[in-house]
Structure formats: C-alpha cells, structure tokens
Amino acid sequence: MSEAAIRFTQVRASLAGSPSHLQLDLQIEAGQFVVLVGPSRSGKSLAIEMAAGLVPPQSGKVMVLGQDWNAVEGADDGPVRLRVGTVLQQPGLLSNMTLFNNVLLPLRYHCGAMSDGEREQAVMAQLEPLGLLSLRDRFPAELHQGEIRRGAIARSLMLEPEVLLLDDPVAGLDADMVLVLKQYVDARRQQRPLTVVAALRSFSPFIEGADRLVVLQEGRVVADGSLESVGSTVPSALRRYVE
C-alpha cells in the first residue's frame, strides 16, 4: 500500500482536562485497519475527531484522502466528507426517527435516484448482519447503548465510504456482539477497500482484526506496530491495553 488515507503531520492540540498536548506524526495507509488504545486523556478520541474534520489542530496538518481539512470550510468539504464515515462516543441517532429511518437517512439525502424498494433493501442488508433486523421499527429511546451504536455504524457505512472512523465502537456490546461487529467490519473490508481507524478504551477481541495497534499515552505515541510486536515493546504500565 503506497497511498496514505490519513496523515497527521506535526499535529499539536490541547487535551481536555489534561496539561498534556496531543503531538502526533502518524500515517495510515489506504485499506489499513488501525486501532488506537491507551489511558483516558491520551488523545485517542481527539485524533478521531481531527481525522473526521470536526476539530482543527492548533498547529500542523491533518490530511484525509488527500484533503487538508484546514483548507476547506462549510459546504466545500462535502465531496470528501461523504467519503468518510464517522461514529463518535455519542452516536447521534435522531430521537424522532425509527432505527430503520435513521440508517436510511444518508440515502434520502444523497441517493435520490434510488427507488423506495432499493433503499429498503439496502438498509435491511446493513441491519441484518449487525443483529438489528428485528429492531428496525424501534426509536432510539427503546434501544440500549450497544444497539444504538451498531445502528450508527450501519448508518455511517450506507454511502460506502473509503474511511471509517470509530470512537469506542464496542461500548455497550457484550462479548457475542463484539464478535458480530468484528465480523461485520471484516466482511466490509473484504467487499471493497476500507480504511478503518478505531479508538478503544480497553483490550477487546475487536483488536484482533487490526493491522496496526497505536498506543498513546499523554498525547504521544509510545508504541506502533502489529499486535504481536506492540505486546512485546509497550511499557509495562500500558500492557493491559494490548493483551
């Protein structure tokens, strides 16, 4: 893989609730699955938010799919933003819509040429592998956290993005559902090229599908490599995050 899907170049940004700063030089190749792990306030969520173009760095540059987020504003970032799927810690399903209509929303806004039948088929194809088919007519208030998160992930992939950014995707999921989510992401990556970056707060079987593990502490990368290599080089105080 030669093309970088995401590149942080001399990035510096304040970490909320911490005197430390995120200082990041990191390149993620197209098609890679990278997991960010580390303690609270180490910069994992902030890195996801900056990659999504939601938070600008204080200095440095964040490039995603060749686009410098600092160089575009408002509607100008639309073409690139549609190529990036993002699910943050608060997944953001709309409370006045059923799960089905939440997942359908991207198609309504951006795929007007599709028939109602084609849209329904596309949504159902997303809900089924995530174990959400029977919940299609429920509203977010009737779903638990893990179901809401899986619904948000399904919605984020409706437009077949090239990059998927996930902040704590396994929160609220039991062990079986973590494996379901892992299999779902693996299947999507096999269908077409997809760069995945996920921030996790503790070790999870979800990590086992990753090409790279990046361990952060106080805003700095302290280990970067395969699960096997990181497990042998990470500082002992951080070993619980990788094994």
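The values are calculated or read from the model by the stated rules, or taken from the named source; none is laboratory data. Predicted model only: the values in this text are computed from it and were never measured. Note: ideal-geometry Cβ built from the backbone for every residue, glycine included; neighbour counts use all protein chains shown.
Observations, loosely collected:
- Of all residues in the stretch 225-243, those being surrounded by 16 or more Cβ atoms within 10 Å (Cβ to Cβ) and among the acidic types (Asp, Glu) number 0.
- Matching residues, the stretch 169-228, being basic (Lys, Arg) and over 15 Å from the mean Cα position of the chain (by Cα): ARG192, ARG220
- Within the stretch 124-153, considering residues that are more than 21 Å from ALA210 (Cβ to Cβ) and small (Gly, Ala, Ser), the one surrounded by the most Cβ atoms within 10 Å (Cβ to Cβ): GLY151
- Which listed residue is crowded, with 17+ Cβ neighbours inside 10 Å and more than 15 Å from VAL163 (Cα to Cα), from SER115, SER42, SER59: SER42
- Only one of the listed residues (LEU166, LEU181, LEU200) is more than 23 Å from LEU94 (Cα to Cα), touching a helix residue (DSSP H, G or I) at 6+ places or on another chain (Cβ under 9 Å), buried (at least 21 other Cβ atoms within 10 Å of the Cβ) and in the same structural domain as ALA52 (by TED's automatic domain parsing). That residue is LEU200.
- Some residue of the stretch 62-69 being among the polar types (S, T, N, Q) and more than 25 Å from VAL185 (Cα to Cα): no
- Strands (runs of 3 or more DSSP E) within the stretch 5-68 that include 2 or more residues touching a residue at least 40 places away in the same chain (Cβ under 8 Å) and in contact with a Ser or Thr (Cβ under 7 Å, 6 or more places away or on another chain): 21-29, 59-64
- Cβ pairs under 6 Å, 6+ apart, first in the stretch 130-149 and on the phi > 0 side of the Ramachandran plot, second of a type outside the set (Ser, Thr, Tyr): GLY131/VAL180
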